[in-house]
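One structure below.
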Amino acid sequence: MTITYYGHACFLVEIQGKKLLFDPFISGNSLASDVDMNRIEADYILLTHGHMDHVLDAEQIAKKTGALIISNFEIVQWYIQKGLKGHHMNHGGKYTFDFGTVKFVSAIHSSVLPDGTYGGNAGGFVIWNDDCCFYVAGDTALTYDMKLIPQLCPQLTLAILPIGDNFTMGMEEAVMAAEFVECKHIMGCHYNTFPPISIDTAAAVSHFSKANKTLVLPRIGETLTF
Ligand code: NI
Ligand code: MN
């Protein structure tokens, strides 16, 4: 799998020749001003919850690319009413798409859409096929439910965890989350975009390495292969 980081909690994963864009928040992120949103291709747009810093550019990119939106029932319904295509899911369910299986898993967070519409409950995704399995936690606190992931899903290749604290778990709890999901390779997100989530990135890397985990923090625009 390859993954391109677009800042905050937005990244593009390529698996089985398909492009999966997560939580697009680019036009509102001054740190991502070098990213040309109009050049992003997506087959699917996966949304963890309804907050602005996760859905801001979803409508525009979905209209341009024709991507299918995958999220919880309420969020997908909101986009279908705007004339877009979507696939509704809810917690605990899984569904197999042409790129692999998606399981919508628990997160502890809130979720309201930008116009005030109820955005259902926030979630995360575990996605797997014959080549890889990865976890996108979304915005969440550390939760004991993460311990179910290694029991219900294949061995994780990569876990993408928020590390910025204040709105989500911080770096210390993200290390515990990595232990709960039994994954060695972690990509951090949801940090440094706004003042309340500014972190010491060297300290974060060190916290993970003390727990024998590898934390990667790609530059915005950088592509990594796992
Ligand atoms: Ni949020
Ligand atoms: Mn957020």
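The values are calculated or read from the model by the stated rules, or taken from the named source; none is laboratory data. Quick caveat, the model's predicted, so the values are computed rather than measured. Note that each Cβ is placed from the backbone with ideal geometry, even for glycine, and that neighbours are counted across all protein chains shown. Accessible surface is based on the protein model in full, side chains and every heavy atom, while ligands, DNA and RNA are left aside. Shrake-Rupley method; radii C 1.70, N 1.55, O 1.52, S 1.80 Å.
How many residues, within region 28-54, are among the hydrophobic types (A, V, I, L, M, F, W, C) and either more than 23 Å from Ala137 (Cα to Cα) or within 16 Å of ligand 1 (Cβ to nearest atom) (or both)?
Residues in region 28-54 being among the hydrophobic types (A, V, I, L, M, F, W, C) and either more than 23 Å from Ala137 (Cα to Cα) or within 16 Å of ligand 1 (Cβ to nearest atom) (or both): 5 in total.
If you check Gly164 against the conditions, is it touching a Ser or Thr at 6+ places or on another chain (Cβ under 7 Å) and within 16 Å of ligand 1 (Cβ to nearest atom)?
No; evaluated as a whole, the condition is false for this residue.
Does Tyr95 count as closer than 25 Å to Tyr118 by Cα and open to solvent by 70 Å² or more (accessible area, probe 1.4 Å)?
Judged against the criteria, Tyr95 is a match.
If you go through region 54-74 one residue at a time, how many are crowded, with 19+ Cβ neighbours inside 10 Å and either part of a loop (DSSP other than H, G, I, E, B) or within 16 Å of ligand 2 (Cβ to nearest atom) (or both)?
8
List pairs: first in region 78-107 and on the phi > 0 side of the Ramachandran plot, second of a type in the set (Phe, Trp, Tyr) and surrounded by 15 or more Cβ atoms within 10 Å (Cβ to Cβ), Cβ under 7 Å, 6+ apart or cross-chain?
Between residues of region 78-107 that are on the phi > 0 side of the Ramachandran plot and residues that are of a type in the set (Phe, Trp, Tyr) and surrounded by 15 or more Cβ atoms within 10 Å (Cβ to Cβ), the close pairs are Gly100/Trp128.
(1) of a type outside the set (Lys, Arg); (2) without any contact (Cβ under 8 Å) to a residue 24 or more places away in the chain; (3) closer than 27 Å to Ile108 by Cβ: which one isn't true of Leu56, the others all being true?
(2)
Which of the residues that make up region 150-168 are touching a strand residue (DSSP E or B) at 6+ places or on another chain (Cβ under 6 Å) and either modelled with pLDDT under 95 or surrounded by fewer than 24 Cβ atoms within 10 Å (Cβ to Cβ) (or both)?
Across region 150-168, the qualifying residues are Cys153, Pro154, Leu156, Thr157, Leu158.
Could you list all residues from region 138-162 that are assigned to a loop (DSSP other than H, G, I, E, B) and closer than 20 Å to Phe226 by Cα?
Result: Gly138, Cys153, Pro154, Gln155, Leu156, Thr157.
Can you pull out the residues in region 23-48 that are out of contact with any Leu (no Cβ under 9 Å at 6 or more places or on another chain), assigned to a loop (DSSP other than H, G, I, E, B) and crowded, with 17+ Cβ neighbours inside 10 Å?
Val35, Leu47, Thr48
Tell me which residues, restricted to region 75-97, are among the basic types (Lys, Arg) and in a strand (DSSP E or B).
Passing the criteria: only Lys94.
Just name the residue that is surrounded by the most Cβ atoms within 10 Å (Cβ to Cβ) out of those in region 98-129 that are hydrophobic (A, V, I, L, M, F, W, C), within 16 Å of ligand 2 (Cβ to nearest atom) and in a strand (DSSP E or B).
The residue in question is Phe125.
If His87 passes every condition in (1) touching a Pro at 6+ places or on another chain (Cβ under 7 Å); (2) surrounded by fewer than 23 Cβ atoms within 10 Å (Cβ to Cβ) but one, which one does it miss?
Evaluating His87 over (1) touching a Pro at 6+ places or on another chain (Cβ under 7 Å); (2) surrounded by fewer than 23 Cβ atoms within 10 Å (Cβ to Cβ) leaves (1) as the failure.
Report, ordered by the first and then the second residue, all pairs with beta carbons closer than 8 Å, sequence separation of six or more or different chains, a first member in region 8-27 that is at negative phi, and a second member that is within 16 Å of ligand 1 (Cβ to nearest atom) and open to solvent by 50 Å² or more (accessible area, probe 1.4 Å).
Cβ pairs passing all conditions: Pro24/Leu56; Phe25/Met52; Phe25/Leu56; Ile26/Leu56; Ser27/Leu56.
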